[in-house]
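Student: First the structure, then my questions, so here it is.
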Amino acid sequence: MASSTTGEKKILTLKGGDNEEFILEESLVLQSELLKNMVKEERVSSIPLPSIKSKTLVKIIEYLKKHAELTPSNKEEFKNFEKEFVNVVLEELLDITVAVNYLKINGLLEFCCQAVADRIKDKSVEAVRKIFRIESDFTPEEESEFRKETPEAFEGDLDDTTN
Amino acid sequence: MAMTKAEILPQEIIIDILSRLPAKFIGQFRCVSKQWRHFLSDPQFIKFHFSIHNKEEKLICISRSHSLNTITFTHNITDGILRKLNFQQLSDNWVRIFGSCNGLVLVENEEKILFLINPTTLKYHKIPIFHFARQIPGSFSVSGLGYDFANDDYKVVTLSHYYYEHEPDIRITFIDIYSVRKGLWRRLENLPYDLEDSLQTSGVLVNGALHWLVSKLFDDSFVVVAFDLSYETFLEMPTPTTIDNNNVVCYDLVAVRGCLCMFTDTEENRIDAWMMKEYGVEDSWTKFSITVPKSLYGFIPLCLISDDDVVLDGEKLIVYNMKEEQWRDMKVDGVTAKFRSTRTFVESLVSPIFGKGTEGYSIA
């Protein structure tokens with residue numbers, strides 16, 4: 001498949017999980033190690049990403065655009081954008097983190113992991129299990145024993161919400 | 001079964017997220033599941049976690065009532081939050097903090113028993129008494145804590161100075177080393193220097209070696225010696241060429257941002273500090289002078305909390321701004337911070353317990 005061009009700028013199509021198509025400049029996706037390799041080695045012009053929801057893809061493309069425009073003079077503005085970027089419900093933030101990991105966008109991955117950590121640190125064990133969809137495999141005896149082991153962690157109010 | 005978030009969230013991402021949590025939150029997350037418990041207790045995870053958080057310094061201090069407390073800095077740099085440490089089965093009779101390494105802190109109680117504690121996880125290890133190192137009148141000892149990279153071991157090094165009243169010519173300093181991994185003390189050869197009564201400083205950990213201020217056996221000039229924790233040998237460190245070691249009195253050593261600093265006695269309204277910016281390089285000693293009112297003479301820097309603000313320890317804790325040359329009392333829970341002994345440490349998950357034969361209560 002030959003890549004289509006408009007003047008000097010190469011154009012690329014990304015296909016989200018629900019078959020929605022996003023057309024963008026090839027230079028933007030080079031921030032993703034995965035897409036960079038696909039573009040460079042296979043010279044594709046359309047990349048299907050069935051595991052990524054369109055909603056998530058929109059967010060990531062928005063980030064790639066902003067990040068490409070980053071200069072020393074608009075650093076503050078970019079920081080504010082980053083803050084807003086992760087200001088979504090936790091489930092959506094996890095979707096984005098998983099997609100960013102898959103696409104291998106390294107700087108953004110670190111930022112997302114830190115954002116998730118900041119959001120879950122005050123959560124109760126029960127809330128964390130719900131967020132990560134984990135069933136406890138401890139017996140009630142084991143669990144109460146482990147809780148006794150870290151008394152300092154259970155001081156203060158823990159948050160039971162999952163968003 | 002439909003794919004859920006948990007199933008597509010790769011384990012490496014979960015580990016990346018959890019390694020960014022402050023150490024004190026990790027304990028409760030070990031109760032989430034067996035798998036989480038397994039990887040949150042893994043030494044590799046603990047090391048990785050520490051590598052992300054090792055710049056976040058906190059203070060540990062002994063209160064007037066002999067309890068151990070930590071101080072966390074808040075956004076307002078002169079304010080701190082105090083947290084009292086309650087160790088199961090240990091009473092509050094702490095007298096001295098010798099130093100810290102990778103989140104572990106070496107403390108001594110009234111009965112001269114050393115404990116290796118982790119103030120974050122509240123795990124502890126009672127260091128057995130070394131029977132060779134019995135205290136006799138006229139003797140004193142100073143200790144330091146460090147990590148031996150070659151053997152993946154934490155080591156306590158104690159210099160014990162013996163002075164016999166009826167034989168004043170005999171002054172001996174023994175070097176005793178305790179391996180946390182082996183749970184054993186060993187005695188090395190005697191220290192080929194003299195340890196001054198007035199210089200009862202702890203071993204200062206920089207670059208994998210513990211540093212002490214000592215004096216030469218015959219001419220009394222001061223020397224900074226480094227004890228390499230892997231090779232267990234002493235080396236003399238170069239001191240600034242502009243200092244005359246015979247006439248200048250050097251009164252303390254500390255580590256600030258990983259650099260060795262020493263303090264020399266000068267005029268009463270000034271603290272002269274020397275920082276060895278590049279380890280082992282004589283030319284890298286850089287002098288800083290802090291002009292202080294007479295009342296703050298003898299205060300010693302503990303740590304930098306910003307590029308310009310340094311915490312000084314004396315009869316109370318103060319924050320000194322080097323740019324504006326201004327100082328303010330540090331307030332802890334709203335009160336002027338006055339403690340018996342204060343040191344820095346970094347939160348970590350490192351366990352003070354390596355082997356058996358300990359009195360700590362944890363399995364982690």
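Each reported figure results from applying straightforward, stated rules to the coordinates on display, with no laboratory input. Everything quoted here is computed from the prediction, not taken from an experiment. With ideal geometry, Cβ positions are generated from the backbone for all residues, glycine too; neighbour counts draw on all protein chains shown.
Student: Given R₀ = 41 Å, what would the calculated FRET efficiency be for residue A:23 paired with residue A:161, taking r from the Cβ atoms and rounding to 0.05?
Tutor: Values: r = 38 Å, r/R0 = 0.94.
Once rounded, the FRET efficiency stands at 0.60.
Student: What number comes out for the charge environment of residue B:15, summing +1 per Lys or Arg and -1 per Asp or Glu over other residues with Cβ under 15 Å away?
Tutor: On the way: positive: B:20, B:30, B:37, B:47; negative: A:110, B:12, B:16, B:42.
Surrounding charge for residue B:15 is 0.
Student: Hey, got a sec? Which trypsin sites (Lys or Arg not before Pro) in segment B:1-88 land in a DSSP loop and have at most 12 other Cβ atoms within 10 Å?
Tutor: Working: sites: B:5, B:20, B:24, B:30, B:34, B:37, B:47, B:55, B:58, B:64, B:83, B:84; in loops: B:20, B:30, B:55, B:64.
Within segment B:1-88, the qualifying trypsin sites (Lys or Arg not before Pro) (loop, at most 12 other Cβ atoms within 10 Å) are B:55, B:64.
Student: Quick one: work out the % antiparallel among DSSP beta bridges in the protein assembly as shown, nearest 5. Each step should come with its number before you reach the end.
Tutor: Working: 109 of 115 bridges.
Roughly 95 percent of the DSSP beta bridges within the protein assembly as shown come out antiparallel.
Student: What net charge do the residues around residue B:230 carry, taking every other residue with its C-beta under 10 Å from that of residue B:230, with Lys and Arg at +1 and Asp and Glu at -1?
Tutor: On the way: positive: B:155; negative: B:148, B:153, B:228, B:232.
Surrounding charge for residue B:230 is -3.
Student: In terms of the Cα gyration tensor, with a ≥ b ≥ c the square roots of its eigenvalues, is the protein assembly as shown rounded because a/c is under 1.5, prolate because a/b exceeds b/c, or oblate? Please report the intermediate quantities before stating the final value.
Tutor: Numbers: a/c = 2.34, a/b = 1.78, b/c = 1.32.
Prolate shape, in that a/c is at least 1.5 and a/b is the bigger ratio.
Student: Something else: With both bridge residues required to lie in chain A, what share of the DSSP beta bridges run antiparallel, to the nearest 5%? Could you put the intermediate results ahead of the total?
Tutor: Numbers: 7 of 11 bridges.
Antiparallel bridges make up about 65 percent of those DSSP assigns within chain A.
Student: Using the C-alpha gyration tensor of segment B:80-212, what are the square roots of 5 times its eigenvalues, in whole angstrom, with the largest one first? Intermediate values should be presented prior to the final figure.
Tutor: Working: eigenvalues 137, 62, 40 Å².
Working from the Cα gyration tensor, I get semi-axes of 26, 18, 14 Å.
Student: Here is a follow-up. Report the FRET efficiency, 1/(1 + (r/R0)^6), for residue B:322 and residue B:76, where r is their Cβ-Cβ distance and R0 is 25 Å, rounded to 0.05. If you can, show how the numbers build up before the last one.
Tutor: Values: r = 18 Å, r/R0 = 0.73.
Calculated transfer efficiency: 0.85.
Student: Take B:220, B:272 and order them by how many other Cβ atoms sit within 10 Å, fewest up front. Mind dumping the intermediate values first?
Tutor: Numbers: B:220 11, B:272 17.
Listing B:220, B:272 from fewest to most nearby Cβ atoms yields B:220, B:272.
Student: Helix B:43-53 versus the longest principal axis of chain B: what is the Cα-based angle in degrees, 0 to 90, to the nearest 10?
Tutor: The angle comes out at about 70 degrees.
Student: Return the Rg/Rh value of segment A:11-120, two decimal places, where both radii are evaluated on C-alpha atoms and Rh is the Kirkwood radius. Could the numbers behind the result be given before it?
Tutor: Values: Rg = 13.8 Å, Rh = 14.4 Å.
My calculation puts Rg/Rh at 0.96.
Student: Could you line up A:43, B:187 from fewest to most neighbouring Cβ atoms inside 10 Å?
Tutor: On the way: A:43 11, B:187 14.
Least crowded to most crowded, the residues run A:43, B:187.
Student: On average over all directions, what projected area in square nanometres does segment B:55-346 have, based on the convex hull of its Cα atoms? Please report the intermediate quantities before stating the final value.
Tutor: Working: hull surface 62.7 nm².
The Cα convex hull of segment B:55-346, projected and averaged over all directions, gives 15.7 nm².
Student: Among the GluC sites (Glu not before Pro) within segment A:17-89, which fall in a DSSP loop and have no more than 11 other Cβ atoms within 10 Å of their own Cβ? Walk me through the intermediate numbers first.
Tutor: Numbers: sites: A:20, A:21, A:25, A:26, A:33, A:41, A:42, A:62, A:69, A:76, A:77, A:82, A:84; in loops: A:20, A:69.
The qualifying sites are A:69.
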